[in-house]
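A quick write-up on the structure given underneath.
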Number of protein chains: 2
Amino acid sequence: MPQINSDRYQQQRKQAIRSAAAVFAEKGFHGSSTKDIAERMGIKQGSLYYYFKSKEEALGEVCLFGIEDYVHRMDGIANGDQPFEAKLMATITSHLSSYREKNEALKVHNDERLYLPEEKRYRLRQLGSHYRQSLEGIFEEGVKSGALRDSIDCHFAAQAVIGICNAWGDLIVRDPQLDIFDIIQKCTDLLLNGFCERRKEKRT
Amino acid sequence: MPQINSDRYQQQRKQAIRSAAAVFAEKGFHGSSTKDIAERMGIKQGSLYYYFKSKEEALGEVCLFGIEDYVHRMDGIANGDQPFEAKLMATITSHLSSYREKNEALKVHNDERLYLPEEKRYRLRQLGSHYRQSLEGIFEEGVKSGALRDSIDCHFAAQAVIGICNAWGDLIVRDPQLDIFDIIQKCTDLLLNGFCERRKEKRT
DNA sequence: AAATTATTCTATAGATATATAGAATCACGT
DNA sequence: ACGTGATTCTATATATCTATAGAATAATTT
């Protein structure tokens, strides 16, 4: 029986989650064997089952580990009292930073979560919805405050921001050379101002 | 020996590719068995090898099938003589339409191509690069013609458009109810104008 | 240091998958 | 209807993978 309350156990288990994240990110869930994961961690295949009751449980833990940080940070941003533009930029920064810090686990969440049983997918969907709704709320505030055109579709806008962040997140994972602050800057600029030329007006 | 020149063979093979696309899209490459694919096609597992010499060859064909249309259409758009805004909208329309028509194969290309051997991934990368470069060219034209601010980074812009299209493509695949023309409209508007309020100026 | 508990190992049962070989069936031209 | 080649089937060799059981080792407590 595992000693799930001990500190050492929890530390080793987190190590196992990180190993699983790395292997799943590289070879995909079904392309990875429990042997691969165990080897990366420096133990034998069978020993892995001291930390997970199944390969699928490992996947669930990796997915959760991947998103928990940025989903959690979103609450702080949405409930803060910054103006719209600052909140948008903070969101993008938080989201892209997660890709730097937890690249493997986040990639696994995006690409492999569909292999989880419905029950666990549901939990992840809830977190995702919560995130999207908070972002939608930020856009609604922006419209009310007059920072944004009132013709914009806040649901579409939130979805678009998430889409852009994930697309660039993917590129960031693949190419660690990319300048993340440059990307944050340009994404924000695109979302606020678009690409069109227009007669000069000061705009921060 | 397969009769690779006969019409019937080619038709059946395309059927096999579509079956593989459907199964791979649903369960992923490693999560699908050759039995699954054969069954969906209405033949027995072993018979599939009359059309593919390996499961991996099937994946390669599906990936290529998924992108060939929109990659090919891009040449027509880029070389046309429409103004910038029309080209941008045509690109988005073409890209998102592909997600409606070939949703399964396209999803497979995006999610599973990494399981191909380097040699085949290289070919797909070439097609992707060609696509991105054409789009980059459209943006460069747009800057030159004065339609776009000259401060924009065309490489970033092209990447962003592709990212947005793929993000929405994914949602389109999952939810066939979505109004694709509404999305095209809003994506174009976002890219051109951004979300900010600004003093009225006419803008098509 | 003995006893107890926690962790890892070895070995394996049982399931499932890919690819091949050779037999059986089908389609079609004559 | 016959023969020929095209297509599909059956059966299987070979490999691999998950999860478990029980032995072995390491760590900790008394």
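The values are calculated or read from the model by the stated rules, or taken from the named source; none is laboratory data. What you see is a predicted model; the values in this text were computed from it and never measured. Cβ sites come from the backbone with ideal geometry, for glycine too, and all protein chains shown count toward neighbours. The area values use the complete protein model at the heavy-atom level, side chains included, leaving out ligands, DNA and RNA. Shrake-Rupley method; radii C 1.70, N 1.55, O 1.52, S 1.80 Å.
Looking at (1) in contact (Cβ under 8 Å) with a residue 60 or more places away in the chain; (2) more than 14 Å from every other protein chain (Cβ to nearest Cβ), which is the one condition that is false for residue B:111?
Every listed condition holds for residue B:111 apart from (2).
All but one of (1) aliphatic (A, V, I, L, M); (2) loosely packed, with under 15 Cβ neighbours inside 10 Å; (3) outside any helix (DSSP H, G or I) hold for residue B:114; state the number of the condition that does not hold.
So residue B:114 meets the others, but not (3).
Give, as residue ranges, the helices (runs of 4 or more DSSP H) completely inside segment B:5-79 that count at least 3 residues that are closer than 29 Å to residue B:95 by Cβ, acidic (Asp, Glu) and more than 10 Å from DNA strand C (Cβ to nearest atom).
So the answer is B:55-79.
Taking residue B:121, is it open to solvent by 50 Å² or more (accessible area, probe 1.4 Å) and within 14 Å of chain A (Cβ to nearest Cβ)?
Taking the combined requirement at face value, the residue satisfies it.
Going by what's in this entry, would residue B:165 be described as under 18 Å from the mean Cα position of the chain (by Cα), crowded, with 19+ Cβ neighbours inside 10 Å, facing chain A (nearest Cβ under 8 Å) and within 28 Å of residue A:140 (Cβ to Cβ)?
No.
Matching residues to (1) modelled with pLDDT under 90; (2) part of a helix (DSSP H, G or I); (3) closer than 30 Å to residue A:28 by Cα:
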| site | (1), (2), (3) |
| --- | --- |
| B:121 | no, yes, yes |
| B:125 | no, yes, yes |
| B:130 | no, yes, yes |
| B:137 | no, yes, no |
| B:142 | no, yes, no |
| B:152 | no, no, no |
| B:164 | no, yes, yes |
| B:182 | no, yes, no |
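Of the conditions (1) open to solvent by less than 40 Å² (accessible area, probe 1.4 Å); (2) farther than 23 Å from residue B:110 by Cα; (3) not charged (D, E, K, R), residue A:159 satisfies every one except a single condition; which number is it?
Of everything listed in (1) open to solvent by less than 40 Å² (accessible area, probe 1.4 Å); (2) farther than 23 Å from residue B:110 by Cα; (3) not charged (D, E, K, R), residue A:159 misses just condition (2).
Can you name the condition, by its number, that residue B:150 falls short on among (1) within 12 Å of chain A (Cβ to nearest Cβ); (2) touching a Lys or Arg at 6+ places or on another chain (Cβ under 7 Å); (3) open to solvent by 40 Å² or more (accessible area, probe 1.4 Å)?
Of the numbered conditions (1) within 12 Å of chain A (Cβ to nearest Cβ); (2) touching a Lys or Arg at 6+ places or on another chain (Cβ under 7 Å); (3) open to solvent by 40 Å² or more (accessible area, probe 1.4 Å), the odd one out for residue B:150 is (2).
Could you check how many residues of segment B:128-147 are hydroxyl-bearing (Ser, Thr, Tyr) and open to solvent by 30 Å² or more (accessible area, probe 1.4 Å)?
2
All but one of (1) more than 12 Å from chain A (Cβ to nearest Cβ); (2) touching a Phe, Trp or Tyr at 6+ places or on another chain (Cβ under 7 Å) hold for residue B:176; state the number of the condition that does not hold.
(2)
Could you please let me know if residue B:6 is in contact with a Phe, Trp or Tyr (Cβ under 6 Å, 6 or more places away or on another chain), farther than 24 Å from residue A:114 by Cα and of a type outside the set (Val, Ile, Thr)?
When the stated conditions are applied, residue B:6 does not pass them.
Suppose the filter is away from every other protein chain (no Cβ under 14 Å), within 16 Å of DNA strand D (Cβ to nearest atom) and either crowded, with 17+ Cβ neighbours inside 10 Å or at pLDDT below 95 (or both); does residue B:39 pass it?
Criteria met by residue B:39.
Just need a number here: residues in segment A:4-33 that are surrounded by fewer than 14 Cβ atoms within 10 Å (Cβ to Cβ) and more than 10 Å from DNA strand D (Cβ to nearest atom).
Here the count works out to 5.
If you check every pair at least six apart or on different chains, which have Cβ atoms under 6 Å apart with a residue in segment A:45-63 that is within 14 Å of chain B (Cβ to nearest Cβ) first and a residue that is within 13 Å of DNA strand C (Cβ to nearest atom) and open to solvent by less than 50 Å² (accessible area, probe 1.4 Å) second?
So the pair list comes out as A:55/A:34.
Residues checked against (1) more than 16 Å from DNA strand D (Cβ to nearest atom); (2) out of contact with any helix residue (DSSP H, G or I) (no Cβ under 7 Å at 6 or more places or on another chain); (3) open to solvent by 50 Å² or more (accessible area, probe 1.4 Å); (4) of a type in the set (A, V, I, L, M):
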residue: A:35; (1), (2), (3), (4): no, no, yes, no
residue: A:44; (1), (2), (3), (4): no, no, yes, no
residue: A:54; (1), (2), (3), (4): no, yes, no, no
residue: A:58; (1), (2), (3), (4): no, no, no, yes
residue: A:70; (1), (2), (3), (4): yes, no, no, no
residue: A:91; (1), (2), (3), (4): yes, no, no, no
residue: A:102; (1), (2), (3), (4): yes, no, no, no
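Going by the structure shown, is residue A:87 of a type in the set (Lys, Arg), within 16 Å of DNA strand C (Cβ to nearest atom) and either touching a helix residue (DSSP H, G or I) at 6+ places or on another chain (Cβ under 9 Å) or outside any helix (DSSP H, G or I) (or both)?
no
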